[in-house]
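First up is the structure itself, then whatever we jot down about it.
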Amino acid sequence: MKLSAKSKKQLRLANVSFVLLFLLAVGLLQWLSRDYHLEFDWTQSGRHSLSEASIKALETLADPVKITAFASKRQGQRKAIGSLISRYQKHKSNIELEFVDPDENPERVRKANIQFDGELLLEYNNARETLTKLKEETLTNALTRLGHSGDRWLVFLAGHGDRSPDKQRNFDVSLWAEQLHKRGFKTRSLNLAETPNIPTNTTVLVIAGPQTALLRGEIKAIRDYLNNGGNLLWLADPGSSNASNSLRPIAEMLGIEFLPGMMVDAEGQAITGSATAVVMASYNNHPIVKTFSTLTVFPTVGAIQHQQQEEWKSAIVLDTRENSWLETGSLKGKVKFDKGEDIKGPVTIAVSLTREAKEKEADEQRVLVIGDGDFLSNSFLGNAGNVDLSLSMINWVSQDDAYVSIPVRAGNDQGLNLSRTAQITIAVVFMLLIPASLVTGGVVVWWRRRKY
């Protein structure tokens, strides 16, 4: 059948109109995709959307949040980071995400103290925190901590040769104080001989390895602080007998005792070269360390004995390995375990104590006692995971460990188990019969049309 000139013209016009309308539709879709971002999560468990816990956490953040992702361009992790952050940006538009290539910006990496490719730096008001694990749970908890970073004062006891947050000596803890400042904590030193009362806005009192005995009035001030519900971080260096003896009333009040001697760790000696260095490689389920997996090093650490009391509930935070022991003799020459004199591991080196708060707004009063202060000193803070452990400790004792648990939202079992016969049938139908029928139909249509 031949088409008339008029029919050909109409057909040509219809084809041109179709092409123009198609191009217009494509352009309209491109404009919509650029200016309007719509996503729909149709998964049964909603695993591509933020959880309710994360959305509620974002509602507590009134100010802008800046997230800097230190990720190389050659790595595929930028896409994963952007995908996760975009979920948060849907619910909080003033979250800013910036990508920085560590290879091109080494100075920014150094200033931010970034250790790993793909690490995130979170900044909110004057507080900041870094993240190495890219998960909704870790990111939401970090944002929650930043949102709670009001005026949190860490008051360091001073006047007895204590470790200072302000001085730069190897013995002091100024580098740790810098890390605390980045996370919104404020620090100050307090000499109780000059100021006999501990300020009421103290979040945590820090006793950091005093070398000389405290006065009776200072002990009373610490007791009053604890009786009023104050939180305490006690870094007790082994060998400071005068300071330990003067602080004995505080230890008795808490139900703890510092055992004489110093820990010896055979495996720690193999790693560090020092017999007194205790290397922690595994941890228990205490909230401070339950998510911890990196090594931590304690250069010189003593043992702590604790007893359960009616008021205080105690728990082991850190204990040494079985092949360690508490050496009660001399550390000169060849050091070996003496049965009947030394105490074989595992031995407790860090204890937490909690009780119901009395006059404070918090529900719980917290005390953390550690048999070493060297691991936080300027000399040793950079060893292994000491920084991360120290921050986890201060978060717990300051009650800034609000943890949002986000369950894994996996879909229902979507596996399809087919018999061998069913597999062969599907393969024949979809790989042979359907393609063959399409080819046959096309040949038939072509053969019929070629006659006209």
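3J(HN,Hα) along region 181-189, derived from phi through the Karplus expression 6.51 cos²θ - 1.76 cosθ + 1.60 where θ = phi - 60°, amounts to 4, 4, 9, x, 7, 10, 10, 7, 9 Hz, with x in place of Gly and Pro.
Packing, taken as the mean count of other beta carbons within 10 Å per residue, orders the peptides 428-439, 96-107 from highest to lowest as 96-107, 428-439.
The packing ranking of peptides 373-384, 13-24, highest mean first, is 373-384, 13-24, where packing means the average number of other beta carbon atoms within 10 angstrom of each residue. Projecting the Cα atoms of His160, Gln305, Thr328 onto the charge dipole of region 151-397 (Cβ charges, centred on the Cα centre) puts His160 farthest toward the positive pole. Which listed residue (Pro64, Ile394, Gly373) has the Cα farthest towards the positive end of the charge dipole for the chain, taking +1 on Lys and Arg C-beta and -1 on Asp and Glu C-beta about the Cα centre? Positive-end residue among those listed: Pro64. Can you tell me, using C-alpha contacts under 8 Å and at least 6 residues apart, the relative contact order of region 151-397 as a whole percent? About 21 percent, as a whole number.
Taking the Cα centre of region 151-397 as origin, work out the dipole magnitude from +1 charges on Lys and Arg Cβ and -1 charges on Asp and Glu Cβ, in debye rounded to 20. Provide the component values of the computation, followed by the final result.
Working: 24 positive and 29 negative charges, 59 e Å.
Roughly 280 debye for region 151-397.
Per-residue Karplus couplings for region 321-338, computed as 6.51 cos²θ - 1.76 cosθ + 1.60 with θ equal to phi - 60°, are listed in order as 7, 5, 8, 9, 7, 8, 7, 9, x, 6, 9, 7, x, 7, 9, 9, 6, 10 Hz, Gly and Pro entered as x. Each peptide among 178-188, 164-174 gets the average number of other Cβ atoms lying within 10 Å of its residues, and from highest to lowest they stand as 178-188, 164-174. The residues packed around Leu192, meaning those with a beta-carbon under 10 Å from its beta-carbon, carry a net charge of -1 if Lys and Arg are +1 and Asp and Glu are -1. Taking 26 Å as the straight-line reach from the Cα of Lys336, the lysines in range (excluding those fewer than 8 positions away in the same chain) are Lys344. Which entry in [x] 36; [y] 13; [z] 32 is this structure's computed percent of Cα pairs over 43 Å apart? The calculated read-out lines up with [x]. The charge dipole of region 52-144, taken about its Cα centre with unit charges on the Cβ of Lys, Arg, Asp and Glu (plus for the first two, minus for the last two), comes to roughly 180 debye. Among the trypsin sites (Lys or Arg not before Pro) within region 135-165, not one is in coil by DSSP while having at most 10 neighbouring Cβ atoms inside 10 Å.
Only aspartates and glutamates eight or more places from Lys313 in sequence, or on another chain, were considered; those with a Cα closer than 17 Å are Glu252, Glu257, Glu356, Asp363, Glu364. With helices as the sole contributors, the chain gives -10000 deg cm²/dmol at 222 nm; each DSSP H run of n ≥ 4 counts as -39500 (n - 2.57), and the sum is divided by every residue.
Amide H to amide H distances under 5 Å link Leu97 with Ile67, where only residues 5 or more positions off or on other chains count and H is placed in the peptide plane.
In order along region 433-446, phi translates into HN-Hα couplings of 5, 5, x, 5, 5, 5, 5, 4, x, x, 5, 4, 4, 4 Hz, rounded to whole numbers, per the Karplus curve 6.51 cos²θ - 1.76 cosθ + 1.60 with θ = phi - 60° and x for Gly and Pro. Here each label is just a point 7 Å from Cα along the line to Cβ, and for Val429 and Glu59 those points are 4.9 nm apart.
Short-range pairs are left out: with C-alpha atoms under 8 Å and at least six residues apart, the relative contact order of the chain is 13 percent.
Neighbours of Arg78, meaning other residues whose beta-carbon lies under 14 angstrom from its beta-carbon, give a summed charge of -3 when Lys and Arg score +1 and Asp and Glu score -1.
Note on the chain: with charges restricted to the Cβ of Lys and Arg (+1) and Asp and Glu (-1), its dipole about the Cα centre is near 3880 debye. Taking amide H atoms as placed 1.01 Å from N in the peptide plane, the amide H of Arg183 lies under 5 Å from those of Arg128, each 5 or more residues away in sequence or on another chain. Candidate cross-link partners of Lys186 among the lysines, defined by an alpha-carbon separation under 21 Å and a same-chain spacing of 8 or more, comprise Lys111, Lys167, Lys360.
A short reminder: the numbers here are calculations on the coordinates, not readings from a lab. Predicted model, so just to flag it, every value in this text is computed and none were measured. Positions of Cβ are backbone-derived with ideal geometry, glycine not excepted, and every protein chain shown enters the neighbour counts.
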